[in-house]
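Below you'll find the structure, written out as structure tokens, and then a few comments.
The values are calculated or read from the model by the stated rules, or taken from the named source; none is laboratory data. From a predicted model like this one, the values you see are computed outputs, not experimental measurements. Counting neighbours? That spans all protein chains shown, and the Cβs are built from the backbone with ideal geometry, glycine included.
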Amino acid sequence: MSESSGGWQPSARERERQDVRRRLGRRALLVSTVATVVFFGVLGVVVVTSPGWATVKEYFFNVSDARAVFPDVWHAFWTYNVKMFLIAEVFILALALAIALVRQTRTPLLLPLRIVAVVYTDLFRGIPTILLVFMLGFGMPALGLQGVPTSLFFWGLVALVLSYGAYVAEVMRAGIESIHPSQIASADALGLSRLQTMRHVVVPQGIRRVVPPLLNDFVSLQKDTALVGVIGVFDAMFAAQDYSNYHFNFTAYTVVAGFFIVLTVPLARFTDHLQHRAMERERQGAR
């Protein structure tokens, strides 16, 4: 390094290193850009020159059909899929946290609850979500019980909450169990009770660690709201199916896929950002 009247200036060797790094960066950017353009260009040519492309374009990418079905699909998507996702997310978090905390208790009096929590997670992780939607959506209203709701939207929502609650509960339990025992020992030394330790020390740290996996589960939840269409809830998928049955064209399904992509991709990228930030924090802490 050298210093002149104009202030600090990099040395000749440092300037040479900077120039090399810039050249390598520009070269890497050029190579990646060319490779990307060539790959997707070749892929596009293969698709549009395939023998059946004209048929696929007519039945799945018809612009006039997309315009015609767009309002109905948007209304159903916003009214049912998005609403169901937002409501289910709240209940799933509450149910999953309760199950995870119950499984962490060691009080003999709560043994029955621990057994129920274990059976719940094993049972509802084992049943495919679509079967659960069928069983509750058609089975519960058929019972004719007094005071039991018969709304298909309600039972589709319950099926999603029960199914995803089991998965999210295990994610939260893993986060809670990842807290080092020294944290609990420190809380005991400060005179905190078991409940206070869980509330103020263990649970906040555990939940913070599993935020990226939780967001991944909620990305899947948003897509699985389309399953309620199989029991007759007029969601986006059901609206697309209704249009396709009358017009013999499947472009409506492409429109539905576009709505889900627009909603889930930003959430997926946000999840990747949180995972990357968590990894950077761990690397800095390890230094």
Output the residues belonging to the stretch 94-133 that are surrounded by fewer than 18 Cβ atoms within 10 Å (Cβ to Cβ) and closer than 16 Å to L214 by Cα. A94, A98, R125
Looking at the stretch 235-254, is at least one residue closer than 21 Å to F153 by Cα, over 24 Å from the mean Cα position of the chain (by Cα), at pLDDT 90 or above and among the hydroxyl-bearing types (S, T, Y)? yes
Any idea which of (1) closer than 30 Å to Y253 by Cα; (2) of a type in the set (S, T, Y); (3) more than 30 Å from the chain's Cα centre (by Cα) is the one T36 doesn't satisfy? (3)
Hey, A142 in a helix (DSSP H, G or I), exposed (fewer than 11 other Cβ atoms within 10 Å of the Cβ) and hydrophobic (A, V, I, L, M, F, W, C) or not: yes
Let me confirm something: among L43, L95, L30, which residue is more than 30 Å from N216 (Cβ to Cβ) and either among the aliphatic types (A, V, I, L, M) or outside the structural domain of R194 (by TED's automatic domain parsing) (or both)? L30
How do the pairs read when you match residues in the stretch 143-160 that are assigned by TED's automatic domain parsing to the domain that holds E89 and touching a residue at least 60 places away in the same chain (Cβ under 8 Å) with residues anywhere that are surrounded by fewer than 19 Cβ atoms within 10 Å (Cβ to Cβ) and part of a loop (DSSP other than H, G, I, E, B), using Cβ under 7 Å and keeping only pairs 6 or more apart or on different chains? L152/G232
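Condition first: in contact with an Asp or Glu (Cβ under 7 Å, 6 or more places away or on another chain) and among the aliphatic types (A, V, I, L, M). Can you find one or more residues in the stretch 259-282 that meet it? Walk me through how you get there before you give the answer.
Initially, the stretch 259-282 is screened for residues in contact with an Asp or Glu (Cβ under 7 Å, 6 or more places away or on another chain), giving none.
No, because not a single residue in the stretch 259-282 is in contact with an Asp or Glu (Cβ under 7 Å, 6 or more places away or on another chain) and among the aliphatic types (A, V, I, L, M).
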Of all residues being surrounded by 19 or more Cβ atoms within 10 Å (Cβ to Cβ) and of a type in the set (S, T, N, Q) in the stretch 198-240, which is farthest from G175 (Cα to Cα)? Just the residue, please. T225
Breaking point among (1) β-branched (V, I, T); (2) farther than 30 Å from M279 by Cα; (3) at pLDDT below 85, for V201: (2)
Reported set for the stretch 42-80 where residues are at pLDDT 90 or above, of a type in the set (A, V, I, L, M) and surrounded by 13 or more Cβ atoms within 10 Å (Cβ to Cβ) is A66, A68, V69, V73, A76
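Looking at S163, S178, which one is touching a residue at least 24 places away in the same chain (Cβ under 8 Å) and surrounded by 15 or more Cβ atoms within 10 Å (Cβ to Cβ)? Break it down stepwise before answering.
Details: S178 fails: surrounded by 15 or more Cβ atoms within 10 Å (Cβ to Cβ).
Being touching a residue at least 24 places away in the same chain (Cβ under 8 Å) and surrounded by 15 or more Cβ atoms within 10 Å (Cβ to Cβ) holds for just one of S163, S178, which is S163.
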Given the criterion within 23 Å of A239 (Cα to Cα) and small (G, A, S), identify the matching residue among A96, A76. A76
